[in-house]
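Enquirer: Before I ask anything, let me first share the structure, which is written out below as structure tokens.
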Amino acid sequence: MKSYSFIQKQDQDVANAISGEEKRQAEGLELIPSENYVSQAVLQALGSPMTNKYSEGYPGKRYYGGQMYTDAVETIAQSRAKELFNCDFANVQPLSGAPANVALYFALLNPGDTVLGMDLSHGGHLTHGHPVTAVTKVFNFVRYKMKDAETGEIDYDKMLAVAKQEKPKIILAGFSAYSRELDYKKFVDIAKEVGAITVADMAHIAGLIAGKALRNPFDDGFDVITTTTHKTLRGPRGGMILTRENEEIAQRVDKTIFPGMQGGPHMNVIAAKAVAFGEALHPNFAVYASQILKNAKAMEEVFRKNNIRMLGGGTSNHLILADVFGSLGVSGADAEKVLDEVGITLNKNAIADDVRKPMDPSGIRFGTPAITTRGFTEKESTIVAEKMIETLTHKDDASVKARIKTEIEDLASRFPIPESFV
Ligand code: DSN
């Protein structure tokens, strides 16, 4: 365990909460596909005196003095991001993924303009225009869906028809609960036909793209990528907007982030982004990214053998969305709770056209980024999937759950969270 000596001396309650969370992360298995463990180097950057500095503006163009080191660290973060994702411009100031997406809409659209994005119930994200979000008061969002939930294939014909009818200014690719690769070329072709800008929100798969385990939408002609920097990219919580060639788009993005929407950038987080991007440029990261996919495939195999329905028929990325209500009669909320009891953390999730309510849907979503960081291979991932199914099929059997909890703790203790990846 780390020492939090200053917090302990001054504020026992907060120290207890932090130590408790550290212990929980070490002893249990994290399968939430958007979570991961950062290195000690990233944690040190987050806890550095960079947090004390106001740096409104961009490197070389700040409003306050004393920017020698903040300029240095932001420039490093930008250039590493551009190298990682093979693009020309990087704004590393967005505070997270949702603010990055909102800023992008304001950068590229006028009020009333239309965005075509993936339906939330088919794997899209809240910030792609779900009615509960504030951006829907300003912009018009229309949707595409999967053609077939059993294969995960997107209905590109319908996407084209909707695009022709609605004339979106942005066509948005990206998801938070979808397990297959998108056909980026088809998005680009449809966007060309209707004069739209292509934006990929690759928050979930940024690390898989950086590690060259999945296609980079820029290679297929996308204009913009938004992302978080945590998740598979294994950096600090934060966001980023990347653009290619078109300098006008890059300038609009910069102006919208600051002064348009945000104030002083969080320079400690930007320093941590720079450190994490340096880690992602290391050859080890490509090995990590490809192991994430192999581990997800190993879990898919166990679920298939046990006849548990997976949306999209399985996975081509880091996550699986399983219809546990349809296959085992256990609701998503019950599955989340009972798996938590044995030390496996994941989340309940709606499945396509779910008949159940969002707070107690039919599905669970789980993935392999965090267990792969711990060093799990296909062998351990298979064991975890088997233990998940055993738990779900014995959800009312206290002795089975007690045994599985011990087995999960043993497994976790053999794979301590690494301190460094390079
Ligand atoms: N909360 C993140 C996720 O779990 O996918 C993104 O919204």
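Coordinate-derived values only; no laboratory data. Please read all numbers here as calculations on a predicted model, not as lab measurements. Neighbour counts run over all protein chains shown; Cβ positions are idealised from the backbone, glycine included.
Enquirer: Those residues that are in a helix (DSSP H, G or I), of a type in the set (Gly, Ala, Ser) and touching a residue at least 24 places away in the same chain (Cβ under 8 Å), I need them from region 326-382; list them, please.
Expert: 326, 332, 333, 335, 370, 381
Enquirer: Another question, then. Within region 197-250, count every residue that is part of a strand (DSSP E or B), surrounded by fewer than 24 Cβ atoms within 10 Å (Cβ to Cβ) and within 16 Å of the chain's Cα centre (by Cα).
Expert: Qualifying residue count for the region: 0.
Enquirer: For residue 244, are the conditions met, namely being away from the ligand (no atom under 16 Å from the Cβ), over 21 Å from residue 124 (Cα atoms) and either charged (D, E, K, R) or touching a residue at least 24 places away in the same chain (Cβ under 8 Å) (or both)?
Expert: Here the answer is yes, as residue 244 does meet what is asked.
Enquirer: OK, next. Taking only pairs six or more apart or across chains, which ones have beta-carbon atoms under 8 Å, a first residue in region 403-416 that is among the small types (Gly, Ala, Ser), and a second residue that is surrounded by 15 or more Cβ atoms within 10 Å (Cβ to Cβ)?
Expert: Pairs that qualify, where the first residue is among the small types (Gly, Ala, Ser) and the partner is surrounded by 15 or more Cβ atoms within 10 Å (Cβ to Cβ), are 412/26; 412/28; 412/29; 412/343; 412/374.
Enquirer: May I ask you to list the residues in region 5-37 that are in a loop (DSSP other than H, G, I, E, B), surrounded by 16 or more Cβ atoms within 10 Å (Cβ to Cβ) and more than 16 Å from the ligand (Cβ to nearest atom)?
Expert: 28
Enquirer: Here is a list: 105, 54, 144. Which entry is more than 23 Å from the chain's Cα centre (by Cα) and more than 16 Å from the ligand (Cβ to nearest atom)?
Expert: Criteria check complete, one pass: 54.
Enquirer: Among (1) closer than 13 Å to residue 352 by Cα; (2) in contact (Cβ under 8 Å) with a residue 60 or more places away in the chain; (3) surrounded by fewer than 16 Cβ atoms within 10 Å (Cβ to Cβ), there is one condition residue 181 misses while meeting the rest; what is its number?
Expert: (1)
Enquirer: Filter region 247-270 down to the residues that are among the polar types (S, T, N, Q) and in contact (Cβ under 8 Å) with a residue 12 or more places away in the chain, then identify the one that is farthest from residue 190 (Cα to Cα).
Expert: Among them, the one singled out is 268.
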